[in-house]
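One structure is given below, encoded as structure tokens.
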Amino acid sequence: MNAANAIAPRKPTSSSSSSSEQARLRRIQDFALALVLVLLVVAGGVLRGERFLNYENLKATVTQASAVGILAIGMTFIIATGGIDLSVGSVLAFAAIAGGKLAGSGDLAFLGAALLAGTAAGAINGIAVAYGKVVPFIATLAMLTVARGTALWMSDKTPISVSDLETIRWFGAGQVLGVPVPAWVLLSVAAIGWVLLNQTRYGRYVVAVGSNREAARIGGVRVQRVLLGVYAMTGLCAGLSAILLTGRLASASPIAGNFYELDAIAAVVIGGTSLAGGKATVFGTLLGVLTFAVIFNLLTLLDMRIEIQQIVKGIIIFAAVLVQRKGA
């Protein structure tokens, strides 16, 4: 049986009705999250007025959220397969240092090294999970320590300046039509992710693997290739985030991206992608990223201590998981 035929519905059945119901629920969930985001912006305006609604503040909020947002888009695909990637923050740092080591050779060398290093680290994760049958949690936890350690070793624990790389600086701190370049990059990655997940055969395979891996395999899906693909793609996203973050800070830091993996996972969960796999929404992830960004920007403006912000983040994640379990 052709794999596409095995996965794609052909005529109205109880299965297609179920899919329609899931799509309707997903739209309701996206609308609810968008409403929460609007209410947060209104609340921020009421509590902090011009200080919050200032264009420069909103621009900075989106810019800071972009690196995590790109990681979260990639993470959406991994979680859709029922996996997880704890290493993306460390891979980001590794990719930044890999690019920084070639900073003297120019912008293109930095771009190529960062993207290649991120993709390679992600592919190693994918090989371990898909072909080595290593549990994603363990495989990516190992990569977390290896990538961070390698970044510290390669840089001698010292940030590498890229202030003379104009293209990299533009990616991190430039503007197009008054909108930060990182925001454009985030929107572009989200658009590509949405099309890939919702309009391509590969996207259907990703969801099918997360729904029932054995059924997908019997249906003709090359499960191992799908898994390798999602981890490599997330590594590529980490490399891209490394470019944006390095450009914004004007230096490649071996401690960059610390705990970004938790922020990315939290945004994906808040957005409505199921931790159990088989259900994913890129648009929801984007809303989750923006919701988190607005919440923590508001908490910062309210002079909340970082410890309180971490507690708030934990409570939000816990609540989101509870809601998912109730709706499962």
I'd like to know if segment 256-263 contains one or more residues that are among the polar types (S, T, N, Q) and either at pLDDT 95 or above or assigned to a helix (DSSP H, G or I) (or both). no
Got a sec? Which of Ala98, Ala109, Ala142, Ala113 is open to solvent by less than 60 Å² (accessible area, probe 1.4 Å), more than 15 Å from Gly239 (Cα to Cα), of a type in the set (A, V, I, L, M, F, W, C) and out of contact with any Phe, Trp or Tyr (no Cβ under 7 Å at 6 or more places or on another chain)? Ala142
Just one of the numbered conditions (1) out of contact with any helix residue (DSSP H, G or I) (no Cβ under 6 Å at 6 or more places or on another chain); (2) open to solvent by less than 70 Å² (accessible area, probe 1.4 Å); (3) modelled with pLDDT under 95 is not true of Val162; which one? (1)
Mind counting the residues in segment 254-268 that are within 12 Å of the chain's Cα centre (by Cα) and open to solvent by 10 Å² or more (accessible area, probe 1.4 Å)? 5
Report yes if some residue within segment 162-170 is under 30 Å from Thr61 (Cβ atoms) and among the aromatic types (Phe, Trp, Tyr); otherwise report no. yes
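Rundown of residues vs (1) in contact with a strand residue (DSSP E or B) (Cβ under 9 Å, 6 or more places away or on another chain); (2) at pLDDT 85 or above; (3) open to solvent by less than 90 Å² (accessible area, probe 1.4 Å), yes/no style:
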site: Glu21; (1), (2), (3): no, no, yes
site: Val38; (1), (2), (3): no, yes, yes
site: Ala60; (1), (2), (3): yes, yes, yes
site: Val68; (1), (2), (3): no, yes, yes
Checked Ala191, Ala208, Ala232, Ala216 against criteria (of a type in the set (Gly, Ala, Ser), surrounded by 15 or more Cβ atoms within 10 Å (Cβ to Cβ) and within 18 Å of the chain's Cα centre (by Cα)); the one match is Ala232
Out of the residues in segment 195-205 that are surrounded by fewer than 19 Cβ atoms within 10 Å (Cβ to Cβ) and under 11 Å from Phe77 (Cα atoms), which is nearest to the chain's Cα centre (by Cα)? Leu196
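Each row is one residue, and each column tells you yes or no for (1) within 17 Å of Gly122 (Cα to Cα); (2) at pLDDT below 95.
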position	(1), (2)
Val195	no, no
Ser211	no, yes
Gly219	no, yes
Gly229	yes, no
Ser241	yes, no
Thr246	no, no
Hey, Thr246 crowded, with 24+ Cβ neighbours inside 10 Å, of a type in the set (S, T, N, Q), over 15 Å from the mean Cα position of the chain (by Cα) and not in a loop (DSSP other than H, G, I, E, B) or not: yes
Run Arg169 past the list (1) without any contact (Cβ under 8 Å) to a residue 60 or more places away in the chain; (2) open to solvent by 50 Å² or more (accessible area, probe 1.4 Å); (3) not small (Gly, Ala, Ser) and report the number of the one that doesn't hold. (1)
I'm trying to understand the selection: among the residues of segment 271-294, which are open to solvent by less than 30 Å² (accessible area, probe 1.4 Å) and either over 18 Å from the mean Cα position of the chain (by Cα) or hydrophobic (A, V, I, L, M, F, W, C) (or both)? Ala280, Val282, Leu286, Leu287, Val289, Phe292, Ala293, Val294
With the checklist (1) open to solvent by less than 50 Å² (accessible area, probe 1.4 Å); (2) in a helix (DSSP H, G or I); (3) under 30 Å from Arg204 (Cα atoms) in hand, flag the one item Val323 doesn't pass. (1)
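The values are calculated or read from the model by the stated rules, or taken from the named source; none is laboratory data. In this text, all values refer to a predicted model and were calculated from it rather than measured experimentally. Virtual Cβ from ideal backbone geometry, glycine too; neighbours counted across all protein chains shown. SASA here: full protein model, heavy atoms, side chains in, ligands and nucleic acids out. Shrake-Rupley method; radii C 1.70, N 1.55, O 1.52, S 1.80 Å.
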